[in-house]
Amino acid sequence: MTVCIAEKPSVAREIASVLGANTKHDGYYEGNGYVVTYTFGHLCTLCEPNDYKPHWKSWDLNNLPMLPEKFKTKVTDNAGIQKQFNIVKRLFENTKLIINCGDAGQEGELIQRWVMEQANYKGEVKRLWISSLTTEAIKEGFEKLKPASQYDNLYYAGFSRAIGDWLLGINATRLYTVKHGGYKQVLSVGRVQTPTLAMVVNRFKEIENFVPQPYWELQTLYRDTLFSYEEGRFLKMEAGETLANKVKEHPFEIVSVTKKKGKEYAPKLFDLTGLQVYCNTKFSFSAEETLKLVQSLYEQKVVTYPRVDTTFLPNDVYPKVAGILKQLTAYTSLTAPLLGKKIKKSAKVFNDKKVTDHHAIIPTGIEMQLPHNQQLVYDIITRRFIAVFYDDCSVSNTTVIGKVTDVNFKTTGKEILKKGWRDVFETDDGSKKEPNILPTFVKGEQGPHEPSFLEKQTKAPAQFTEASLLRAMETAGKQVDDDELRDLMKENGIGRPSTRANIIETLFKRNYIIRNKKQVLPTNTGIQLIDTIQNELLKSAELTGQWEKQLKDIEKGTFSATTFINNMKHMVDELVYEVRSETVKANISSENNTKKKPKHTAKKAVVESIPCPKCKKGVVIKGKTAYGCSNYKTGCDFRFSFEDIRAKAQGKKITKSLVVTILNGGI
């Protein structure tokens, strides 16, 4: 009898059905020479401090640091879990072969290894490694079972991660709570959560302390198209004013029109972080919510394994693409153009070197009725998959140079020549904005124009949203917009794709951060904690990213798990000495902060920082029915209604730049 152990009852049921183990018992399925049992996630966990030494139960600075010589595991103290563990252990005692069917990843490997260790199983173990739960994938996986020893490094990395989190999390949390916590206040500190909180706090402070710097822009409106001074902004008003006065007196002339054909590639397939970012931006789903939705889609067999950090597919998936596309009957209008010819194979999609344990998230071809939110997630995964096999989008990028006397102006625009993959994302409501299409300009043409010389101000960076915070975690706090560069930096990101959502949720639950619509803001408790922590290593996303790199290297077999754990012990030892030596107690308490939220007031829309034409002290702001002065509370009654703007426009298209011109006294 062969025993298969899965990570969840639902997964065990699917595997049992494929294997023909159709007789259900308490805690397992049986039949056709197989027994299929399961865990409920973590049946086992690392031992608590008091399991090593009874006096470690007390939260006392004199007990720190707690550095067990050898780390041990135990069955979780829960009646239901202990009952299931005993069933699993009994099944293990009656077999010579176990097939580990845990989730194909670091955590899945760790969960099942700990169960086998606690059950004292010494027999043969093989590994089922699959990326989807379809019948075809399960059958194929059982035909290609691997020796468990091939995944030893994966287990060492998972075990090292868990030990690192225990060492730093338990020691640092007790250390800061006892040293700096107020009444009944636990100050939770963690290897990943603390640098994540530090990023939010630092961004908040950067915005609070931001001092806008003035600059000036020279622009002109010609044929309803806004041209900007070619050499950019002015840092001194006098330098720009001279040119601004000069161009008022002369007509505008088109000097050159340059068109350059180019290509735009389809958006990449999704990894988990990319999917969470998209769903937060598009649907306002939290990272945790998106993870639950896509995990449910995976368990319903409609998409592949979701906890992945690659946007590529291996070459051996290519022969299956046509079959998947044919099965997507709800998308026939989009797949039909692909199925009538050879399907495109691009290195931007297929790359074995960019795929380790799992490939990007794609549909399996299985279709079913889904609840609304699941359907939203499924739809964008499927459309991304279809789009990468379409032709590239062909565009014409246009640059127009104009001049007034010897002062050059420039504008750019784009025209879509062939939509290609864009067809996949078009909606029937036509709400998608077309790119910036320019009118036809001819070299040498001349005409009147409406110049404007505007004072503006530099803007502070935006507060984090969950989407931008996930990206910051992925790149260890560095702002990276380029997809290729982001891929290179993933090895140094903080946390794993599967845990980042949980880290963010933990910070919310511990009242370190709050949501303000889409913004993620720190609470006063969160700010105080980061201010209190003097050790930069605890707060540094970049240094924490280096730990993540070491854990990945353990998984690859190029770094020692023992070295990693010893380094963590040494760091904890130094941290305890450092914090115990501090002479000031911060006395942080969330109760003291419940009525105090970070000051972050919404501002009225300021129109391009135009000084008020009347009082010259305030700036023009946009209200519900008119533009007015920001100093209206102190007596300035400047007002310019939207109706007056329309009258002044004399039938012209009302653009932002036209409004600015009118408010500046133009037209």
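Would you compute, from DSSP H runs of 4+ residues alone, the mean residue ellipticity of the chain at 222 nm, taking -39500 (n - 2.57) per run and dividing by the full residue count, rounded to the nearest 500?
One gets -12500 deg cm²/dmol as the mean residue ellipticity at 222 nm.
Relative contact order for the chain: what percent, with Cα pairs under 8 Å and sequence separation of 6 or more?
Relative contact order for the chain comes out at 16 percent.
With everything on Cα atoms, drop me the angle between helix 318-327 and the longest principal axis of the chain, reported from 0 to 90° to the nearest 10.
80
Excluding ligands and nucleic acids, what accessible area in Å² is computed for M368 using a 1.4 Å probe, to the nearest 10?
Using a 1.4 Å probe on the heavy atoms, I get roughly 80 Å².
Straight-line reach from K184: which lysines fall under 27 Å, measuring Cα to Cα and dropping same-chain residues less than 8 apart?
Partners found: K53, K57, K509, K539, K585, K595, K596, K597, K599.
Which percentage, to the nearest 5, of the DSSP beta bridges contained in the chain is antiparallel?
Among the beta bridges of the chain, antiparallel pairing accounts for roughly 80 percent.
Per-residue accessible area for D379 at 1.4 Å probe radius, Å² rounded to 10?
Near enough 40 Å² of accessible area.
Students often check this: by mean Cβ neighbours within 10 Å, which of 440-450, 154-164 ranks highest, and how do the rest follow?
154-164, 440-450
Contact order normalised by length for region 1-105, with contacts defined as Cα pairs under 8 Å and 6 or more residues apart; what percent is it?
36
For the chain, just give the cysteines left without a disulfide-compatible partner, judged by no other Cys Cβ under 4.7 Å.
C4, C44, C47, C101, C279, C393
From the protein chains alone at 1.4 Å, what is the descending order of accessible area for S188, S149, S630, largest first?
Order by accessible area, largest first: S149, S630, S188.
When the accessible area of the chain is split by element with a 1.4 Å probe, what percent falls to carbon and sulfur?
The value for the chain is 49 percent carbon and sulfur by accessible area.
Rank-order 512-518, 526-532, 388-394, 468-474 by packing density, defined as the average count of other C-beta atoms within 10 Å over each peptide's residues, highest first.
468-474, 526-532, 388-394, 512-518
Quick check on my link table: of K8/K556; K89/K354; K268/K552; K24/K320; K236/K263; K268/K418, which ones sit more than 30 Å apart, alpha carbon to alpha carbon?
Distance filter (> 30 Å) returns K89/K354; K24/K320; K236/K263.
Please compute the contact order of region 152-289 in relative form: average sequence separation of alpha-carbon pairs under 8 Å and at least six residues apart, divided by the residue count, as a percent.
The normalised contact order for region 152-289 reaches 11 percent.
Of L328, Y627, H358, whose Cα points farthest to the positive end of the dipole of the chain (charges on the beta-carbon: +1 Lys, Arg; -1 Asp, Glu; origin at the Cα centre)?
In the chain, that residue is Y627.
Helix 193-208 versus the longest principal axis of the chain: what angle, 0 to 90°, nearest 10, using Cα atoms?
So the helix axis and the longest Cα principal axis differ by about 10 degrees.
Compactness ratio of region 160-272: Cα Rg over 2.2 N^0.38 Å, N = residue count?
For region 160-272, the normalised Cα radius of gyration is 2.10.
Which far-off residues, 5 or more places away or on another chain, put their amide H under 5 Å from the one on D391, with H placed in the peptide plane?
When sequence neighbours closer than 5 places are left aside, the close amide H contacts are W421.
Counting only heavy atoms of the protein chains, get the accessible area per residue of the chain (1.4 Å probe) and round it to a whole Å² value.
On a per-residue basis, 49 Å².
Return one number: the angle in degrees, 0 to 90 and rounded to the nearest 10, between the long axis of the Cα atoms of helix 9-19 and the longest principal axis of the Cα atoms of the chain.
70
With unit charges on the beta carbon (Lys/Arg positive, Asp/Glu negative), name the residue among Y378, A287, P314 whose Cα is farthest towards the positive pole of the charge dipole of region 286-437.
P314
On each of the three principal axes of the Cα atoms of region 70-220, give max minus min coordinate, whole Å, ordered largest first.
Computed over region 70-220, the largest-to-smallest principal extents equal 77, 56, 27 Å.
Setting aside same-chain residues fewer than 8 positions from K96, which lysines have a Cα under 18 Å from its Cα?
The reachable lysines, counting only those whose Cα sits under 18 Å from K96, are K122, K126, K146.
Taking K633 as the anchor, which lysines have their alpha carbon closer than 17 Å to its alpha carbon, excluding any fewer than eight residues away along the same chain?
K603, K604, K614, K616, K617, K622, K624
The values are calculated or read from the model by the stated rules, or taken from the named source; none is laboratory data. For clarity, every value in this text was computed on a predicted model and none was experimentally measured. Cβ: placed from backbone, ideal geometry, glycine included. Neighbour counts: every protein chain shown. Ligands, DNA and RNA are stripped out before the accessible areas are found, and what is left, the full protein with its side chains, is counted by its heavy atoms. Shrake-Rupley method; radii C 1.70, N 1.55, O 1.52, S 1.80 Å.
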